[in-house]
1. For the protein assembly as shown, with only Lys/Arg (+1) and Asp/Glu (-1) charged at the beta-carbon, what is the dipole magnitude about the Cα centre, in debye rounded to 20?
2. I'd like the per residue volume of the convex hull spanned by the Cα atoms of the stretch B:255-303, given in cubic angstrom.
3. Give the calculated FRET efficiency between A:Thr477 and B:Leu334 to the nearest 0.05, with a Förster radius of 51 Å applied to their Cβ-Cβ distance.
4. Report the charge-dipole magnitude of chain A in Debye, nearest 20, computed about the Cα centre from +1 at each Lys and Arg Cβ and -1 at each Asp and Glu Cβ.
5. Count, for each residue of A:396-408, the Cβ atoms from other chains sitting within 10 Å of its Cβ, then give me the mean as a whole number.
6. Considering the stretch A:239-340, what Rg and Dmax in Å follow from its alpha-carbon atoms?
7. Pairs of alpha-carbon atoms within less than 8 angstrom and 6+ residues apart define the contacts here; what relative contact order does the stretch A:399-483 have, in percent?
8. How big is the stretch B:9-104 in terms of Cα radius of gyration and Dmax, in angstroms?
Amino acid sequence: MIKQRPSFDIAIIGAGIIGTAIARELARYQVKIALFEKDADVGQGTSCRNSGVVHAGFTCPVGSLKAEVCMEGNRVFADFCRELDVPYKKVGKLVIARDKEQIPELYRLRYVGQENGVDLRIIGWDDIKKMEPNVSAAVAAMHSPDSAITNPYLLSIACAENAVMNGVEIFLNTAVRDIEWKESSYLLQTGQGDYRADYVINAAGLYSDRIARMSGEDNYRIYPNRGEYYILDNNKSHLISRLIYPVPPLNSGGLGIHLTPTVDGNILIGPSTEYIDKRDDFSTTVPVLEQLLKEARDFVPGISAKDRIRSYAGIRSKIVPPSRGGFGDFIIKASPTRETFINLIGIESPGLTSAPGIARYVVNMIDQRENLRRKNDFQDSRKANVVFSELPETDKVRLSRENPDYGEVVCRCEGITKGEILSALNNPLGVRTVKGIKYRTRATMGRCQGGYCLSRIINIMQEAGMEFTDITLNGGTSRLFSGQVKGVI
Amino acid sequence: MSGDLLSCNLLCEEERDLVIIGAGPAGLAAAISAYRQGVRDILIIEREARPGGILNQCIHDGFGLHKFSQALTGPEYIDRFIKEVAELNIEILTGSLVTGLSRDKVVTVSNRKQGLFRIRAEAVILAMGSRERSAGAIGLPGQRPAGIYTAGLAQNLMNIHNIMIGKRAVILGSGDIGLIMARRLTLEGASVEAVIELMPYPGGLQRNIVQCLQDYKISLRLSQTVIRVEGKDRVEAVLVSGVDDRLEPVPGTEERIECDTLILSVGLIPENELSREAGIQLDPATEGPLVTDSYSTGVPGIFCCGNVLHIHDVVDYVSDEAEKAGVMAAGYILRESRERSGEDRNFIYMEAGTGIKYILPQLVKPDFRGEFSLRVEKPGKNVEILFLAGDKVLFKKKYYRVDPSQMLRISCPDGLLTGQDLVAGQPAAVKVVVE
Ligand SMILES: Cc1cc2nc3c(=O)[nH]c(=O)nc-3n(C[C@H](O)[C@H](O)[C@H](O)COP(=O)(O)OP(=O)(O)OC[C@H]3O[C@@H](n4cnc5c(N)ncnc54)[C@H](O)[C@@H]3O)c2cc1C
Ligand SMILES: Cc1cc2nc3c(=O)[nH]c(=O)nc-3n(C[C@H](O)[C@H](O)[C@H](O)COP(=O)(O)OP(=O)(O)OC[C@H]3O[C@@H](n4cnc5c(N)ncnc54)[C@H](O)[C@@H]3O)c2cc1C
């Protein structure tokens, strides 16, 4: 007997911001959608390892697909975040010229930006000083009021949760290993069984070239390019109030090491740009970390090594080889042999910003063939969990007295309560990892980095029925503990 | 509804003579001594389920040598104080985190039973202890897989939760907790591949080097550091490198050590979030509050002792210091010595000069008769510690051997500072140097 395979209208591979945003956008229509993710949670790839900036669009070449989807993304981002209940702050950006030689580049950027329709203004040192009193002397800057910040990992989670609310099925810990065209649909082989689908959307980020190869397209190649960061203590949040960028270095393939305030009050320093061999080598390195601190201090002398609380790295999925450098355009194309296989390749910066635009672009491609029908019961909003520390005091008092779990503070650095840990642990995606809790609550992300709260989180996970030997940092073999100490009965 | 609660919250503030934040060795000893001075309305607030502080997880012995002339385990040492506090009927509110402290001594507390509430105190003693410096704070390079723990967290997981954290460990940093954990892991059947120390000398006490490393043949590698953590899911190895005089890695000296666990023992940081919130000035050298000889911070009525004031290596000295702070807080409450509360500006400023990392108290009265606590910046043999007023040597003390890991205590000789001219409103400085 042939085992019946679960079958879907559309299979999306990769639950980064691109895959989850597409899933959510497609969920508006009457289609059966599966989203496959190899990791234990959504958004654990590049989508949680970036600057979290909603770009205004002045670095995208005029007429490019990048410019189109980035501009659309920037325009709708505030609404997107409001519907999904994810932080968004329109803080604005200064691109700062430190010497006269850089001024022409400022004007060039402004020209590109204005062609794309971005609101930009060149200002002098007096204005810079007024806006950002802690930056060191500069000659001029370009101010972009429409640049904003968001929380990139919460955004992937929110898109995924909203997609699930609207019927999308998400398969975590499920790597797509091969795809075959068989009996007029695709057969997706995963580590967890086979699935059928009529459409495949390849949103596999750094691995998108490999997925494309499964459709018979071998002309794509991803060149991983790493960017390292430092995160600073949120007691230094007063140092800057908007995004502080240098004039982008020529042909670097990055935007230069910049200072980014996060929605949680930390400052990010980075990212560097470096082509590397392996796409999963998220190492930070001694020379780059030193460089980050140095460049940041050149910009804002008030920053010191004592303010660091963590380092991390993200990897850009570049389609331009190291020999060429710079940026390529986004590729969003159906496979020439099969129009129902859509590849998204080279979605590097500003991919986060462009996600809503890219999602609509992909849906339009399918709509043009299928004439998709809208659902009439689509729910476009999703509520985030309570963030106790951000509640007004009256609500804090009420909630902590109504429910003891909100009276018990688990993370003292960020003021996170047991109630929040429990909501995160019982998330709608069924993720039960320490990082799953971390990204949903910020626990372990503060200045002590889990020194205080980790053992408490483990306790809560045990109370919820998990064996401590099964507790992982991020799924797979990332077990935290090896067993019990001797002599315990 | 919520409006009612809010006004209740603001109006029904409980009032206390003395609130002590933290029921570790410092908080408990301070409570007992304040009680003995006559203060009765005392509340100790502790976030853990039971009092005792860090000592609850220190199941090794070596505590109490100075105070009780006995080698006790951490729990045995602290039990004496817990019992005494119970006998005196001093109230401890456990499972309660202090989340806020204002300049006018309003303490915000949160717990499961009462939710969020406030207490107004006549005087406060800060005894919050310290936290560990994390991997991020030292810019540890490489991947971030499972299996990286700070030493105190590892100690907590193993000794309180009975959880074994790994089988093959490398320890970065030779602070006391790391040394203790090297032995503990070995006794639990794990192999400790090496203890790696950036500096040319160890960070922990000599006795721990002998008892925890040498006795177990664990190698201590000085002037080395970890330049990369490897492993995608779980730690697989660390790359270790020698460092030069400027503490920069020396190319060509790398060595890869396989392990599944990396333990960090790279320092403790006094836990002063609440102090900052209350507007208390900190000393960058100790990372704790700047205090007068009455252990008063810059905010009148807020006192401070233990690891939150400066990192101690021997708990007995914490108890001593806390007793003094308790006496001073009691004096403040009983209004015997309001003028000692920090409002009076006629202090001599003790300046940490060449070779001295810090000296405490930082501000003393000319008639000070107590004890100075200080640490040197680097190890030395046959050194003299000089107290200078300008070029004039007021006092000197000889040491055969000094170590940054060992806190020095120097009793202020009678009349040492009395001759010092005090300019009104401007503290005179006495400089302490190593020669
Ligand atoms: C250093 C850096 C800084 C950046 N800063 C910004 C910024 O400030 N603003 C901005 O707009 N953009 C920024 N970007 C770009 C942005 O982060 C990316 O464009 C975006 O995150 C890409 O999302 P994605 O979903 O395509 O990729 P990913 O998030 O990598 O998602 C791909 C997913 O596919 C999964 N996957 C791969 N193979 C398989 C398989 N075989 N089966 C199942 N699942 C699979 C992966 O596990 C992963 O979860 C930055 C990028 C970097 C690297
Ligand atoms: C691992 C380790 C090994 C040691 N080994 C030795 C040794 O062998 N011999 C020796 O003599 N000394 C040793 N010491 C030193 C000694 O234990 C410490 O110096 C001493 O515990 C410091 O006492 P404390 O009360 O200042 O801080 P802690 O013991 O840290 O107590 C602080 C208390 O305050 C509570 N607290 C903090 N913030 C709040 C808040 N906001 N609200 C409520 N409660 C709060 C904490 O939960 C804790 O109970 C060791 C220390 C450590 C960490």
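1. Numbers: 110 positive and 115 negative charges, 189 e Å.
So the magnitude is around 900 debye.
2. Values: hull volume 6.1 nm³, N = 49.
Per-residue hull volume (Cα only) is 124 Å³.
3. Details: r = 62 Å, r/R0 = 1.21.
Between A:Thr477 and B:Leu334 the formula returns 0.25.
4. Details: 62 positive and 58 negative charges, 88 e Å.
The calculated dipole for chain A is roughly 420 debye.
5. Numbers: counts 8, 11, 9, 3, 7, 7, 2, 2, 5, 1, 4, 12, 9.
Per residue, the number of nearby Cβ atoms from other chains is 6 on average.
6. 16.7, 57
7. Details: 100 pairs, mean separation 19.4, N = 85.
The normalised contact order for the stretch A:399-483 reaches 23 percent.
8. 14.6, 49
The values are calculated or read from the model by the stated rules, or taken from the named source; none is laboratory data. Every value quoted in this text rests on a predicted model; they were computed, and no experiment measured them. Counting neighbours? That spans all protein chains shown, and the Cβs are built from the backbone with ideal geometry, glycine included. What goes into the accessible areas is simple: the full protein's heavy atoms, side chains included, and nothing from ligands, DNA or RNA. Shrake-Rupley method; radii C 1.70, N 1.55, O 1.52, S 1.80 Å.
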